[in-house]
Amino acid sequence: MALSAAWQGRLPLGKVFWLYGVLLSTLVTLLYVWLALREDGGSPLRQFLVLAFVPYTAWILVSIWRCAPNARRPYYGDMARALTVAWAINAALLIFFVEMDRWV
């Protein structure tokens, strides 16, 4: 299965980074924004997306980190790892502020 192969670092970095990382997270973000702009706010589904974002983020960050050596050029792997650190910080802040807004 591709998800476990990515987790184990056995897939090409480009596929994991662009397809499972960038494309999938962009689609989920667009769905979240669309739900947020709806009149009823789409609260239950929005909350589910936030909660699902946590394990997804852990999975994609570990997968990218482990697949980094599979990059066509070593510096792509280094860049992916640097972006992974930034992604982790961004995800933590995003989850914190989304949840803080929900409870305040």
Under a 1.4 Å probe, counting only protein heavy atoms, residue 23 has an accessible area in Å², nearest 10, of 80
Sorting 4, 58, 31 by the position of each Cα along the dipole of the chain (Lys, Arg +1; Asp, Glu -1; all at Cβ), the one nearest the positive end of that ordering is 4
Two pseudo-spin positions, 7 Å from Cα along C-beta at residue 31 and at residue 85, lie apart in nanometres by 3.2
Semi-axes a, b, c in Å (a largest) for the stretch 1-75, each sqrt of 5 times a Cα gyration tensor eigenvalue, come to 30, 12, 8
Using a 1.4 Å probe on heavy atoms of the protein chains only, the accessible area for residue 26 in Å², nearest 10, reads 70
Taking 89, 95, 60 and ranking on accessible area (1.4 Å, protein atoms only), highest first, one gets 89, 95, 60
SASA check, residue 48, accessible area w/ 1.4 Å probe, all protein chains in place, rounded to nearest 10 Å², comes out at 120
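How big is D for the stretch 34-104, in µm² s⁻¹ as a whole number, if Stokes-Einstein is applied with the Kirkwood radius of its Cα pairs at 25 °C and 0.890 mPa s? Walk me through the intermediate numbers first.
On the way: Rh = 13.9 Å.
It diffuses with D of about 177 µm²/s by this estimate.
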Candidate span helices, the chain: DSSP H, at least 27 Å along axis from Cα coords, Kyte-Doolittle average at least -0.5, result 43-67, 74-103
Output ordering of 49-55, 64-70 (per-residue mean of other Cβ within 10 Å, highest first) is 64-70, 49-55
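The values are calculated or read from the model by the stated rules, or taken from the named source; none is laboratory data. The shown structure was predicted, so the numbers you read here are calculated from the model rather than taken from an experiment. Using ideal geometry, Cβ is built from the backbone for each residue, glycine included, and neighbour counts are taken over all protein chains shown. When the accessible area is computed, the model is the full protein with side chains, heavy atoms only, and any ligands, DNA or RNA have been set aside. Shrake-Rupley method; radii C 1.70, N 1.55, O 1.52, S 1.80 Å.
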